[in-house]
Amino acid sequence: MIDLESIKNKIIPDYPLKSLNTFGINVQAKYFSEISEYSDLKYLIDNNYLKENKFLFLGGGSNVLFINDFDGIVIKNNLTGIEYIDDIVSVKSGNNWHQLVLNSLDHNLYGLENLSLIPGSVGACPIQNIGAYGQEVKNLITKVKAVDLLKNIEIEFSNDDCQFGYRDSIFKKPENKNRYFITEVDFKLSKVPNVNFEYGAIKNILTSLNIDHPIPNDISNAVIQIRSSKLPDPKIIGNAGSFFKNPEIPKSYFQSLILDFPQLPHYIVNDDFVKIPAGYLIEYCGFKGFRQGDAGCHNQQALVLVNYGNASGQDILDLAYSIIAKVKDVFDITLTPEVNIIN
């Protein structure tokens, strides 16, 4: 039990979270605190508040779905600051991701442009190994700094230490749940433009603008245009972006699947696996634009589940389960949520 009188300025009881999650789910936290510097986190650790209570670190709130009120401490990450040393960029974990992309372009450092307009904070990027349009942060991250909450020590992870996979990392392993609080991420960017516009959607935008030799800013602008046209603004319609991962299936199964679904889009991952766009599978199953109460699939992008106003987290989750079941029935492919579901 927390003595609220002794820490009234550091921990707030019964705190509403609707404005702190992009789904706009109307839940509250039993307790709420903010971290603006390392000493704020150290205070919580030294006084055993994390040991004695369930806790959740929250960045931009763009990758979470709350099912119920949170019976513990929600800790908002407000660590900010960016340092540029040659081509290395050291970024505090509470910084907004998209602002980092734009800031790096302003400093004539390249590599992040394909990841423009991805919602959320920098601290979430290594956890998810965020990626889009042919780029993943695993290709750019050199170091992740964190606090080991179990041992109460600061620790550094090299790129290899992070064990990056598709939307995966060491930080998502079950045994590491709630163990590490990421404080800073270092990126090695390039001073030389090396644009990547192999994805058809980017090419189409550039062609429509008569841009034959794009620079990184052109790529960023194209990605922003694409994402803005497909993804609803969470300030207007509650959502967390892509709800499901794009499934990777064995090439042997894909070869049999393509006989029944010859138009099935796909991307070769390696000699053994093929990636299928989850949005296509969901749309094929009839969910694009589907609405059940205030929970639905966006009418421009079936991969995005939305809250049209007063949907509960359970409403969104029930819709997700319906989608998973239907895709499994039609394609025998199991979709996996990319969003972190908080019970």
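Derivation of every value follows stated rules applied to the coordinates shown; laboratory data play no part. All values reported here derive from a predicted model rather than from experimental measurement. Cβ coordinates were reconstructed from backbone atoms using ideal geometry, including for glycine residues, and neighbour counts include every protein chain displayed.
Some points to look at:
- Annotation: amide H-H contacts under 5 Å for GLN28 (H modelled 1.01 Å from N, sequence separation of 5 or more, or interchain): LEU17, ASP69, PHE70.
- Taking each DSSP H run with n ≥ 4 as -39500 (n - 2.57) and averaging over every residue of the chain yields -7500 deg cm²/dmol at 222 nm.
- Altogether, the Stokes-Einstein calculation at 37 °C and 0.692 mPa s, with the Kirkwood radius of the range 238-342 over Cα pairs as Rh, returns a diffusion coefficient of 232 µm²/s.
- Karplus (6.51, -1.76, 1.60) ³J(HN,Hα), θ = phi - 60°, over the range 262-269, in Hz, Gly and Pro reported as x: x, 8, 4, x, 7, 9, 6, 8
- Exposure proxy ranking, count of Cβ atoms within 10 Å, fewest first, for HIS98, HIS107, HIS213, HIS298: HIS213, HIS107, HIS98, HIS298
- Model label points for LYS203 and LYS151, set 7 angstrom from Cα along the Cα-to-Cβ axis, are 4.8 nm apart.
- For the range 216-294, the set of trypsin sites (Lys or Arg not before Pro) satisfying both a DSSP loop assignment and a count of at most 16 other C-beta atoms within 10 Å is given as LYS235.
- Rounded to the nearest 20 debye, the dipole size of the range 238-342 about its Cα centre is 140 debye, using +1 on the Cβ of Lys and Arg and -1 on the Cβ of Asp and Glu.
- Kirkwood-based shape ratio for the range 190-253, expressed as Rg/Rh from alpha carbons: 1.09
- Classified by the C-alpha gyration tensor, the range 1-116 has an oblate form. Its axis ratio a/c, with a ≥ b ≥ c, is 1.5 or above, and a/b does not exceed b/c.
- Distance from the C-alpha centroid of the range 313-330 to that of the range 104-174: 29 Å, rounded to the whole angstrom.
- Of the residues CYS285, ALA29, ASN178, the one whose Cα sits farthest toward the positive end of the charge dipole of the chain, with +1 on the Cβ of Lys and Arg and -1 on the Cβ of Asp and Glu, is CYS285.
- Those lysines that a straight Cα-Cα span of less than 19 Å connects to LYS138, excepting residues fewer than 8 apart in one chain: LYS92, LYS172, LYS173, LYS188, LYS191, LYS245, LYS275
- Shape analysis of the range 12-77 based on the Cα gyration tensor places the equivalent ellipsoid semi-axes at 21, 13, 9 Å, largest first.
- Stokes-Einstein D in µm²/s, Kirkwood radius over Cα pairs - the range 70-182 at 4 °C with 1.567 mPa s viscosity: 88 µm²/s
- Student exercise, the chain dipole from Lys, Arg, Asp, Glu Cβ charges, in Debye to nearest 20: 440 debye
- Whole-angstrom gap from the range 67-91 to the range 190-259, using each part's C-alpha centre: 26 Å
- Dimensions of the range 184-303 based on its C-alpha atoms, expressed as ranges along the principal axes with the largest first, amount to 44, 42, 39 Å.
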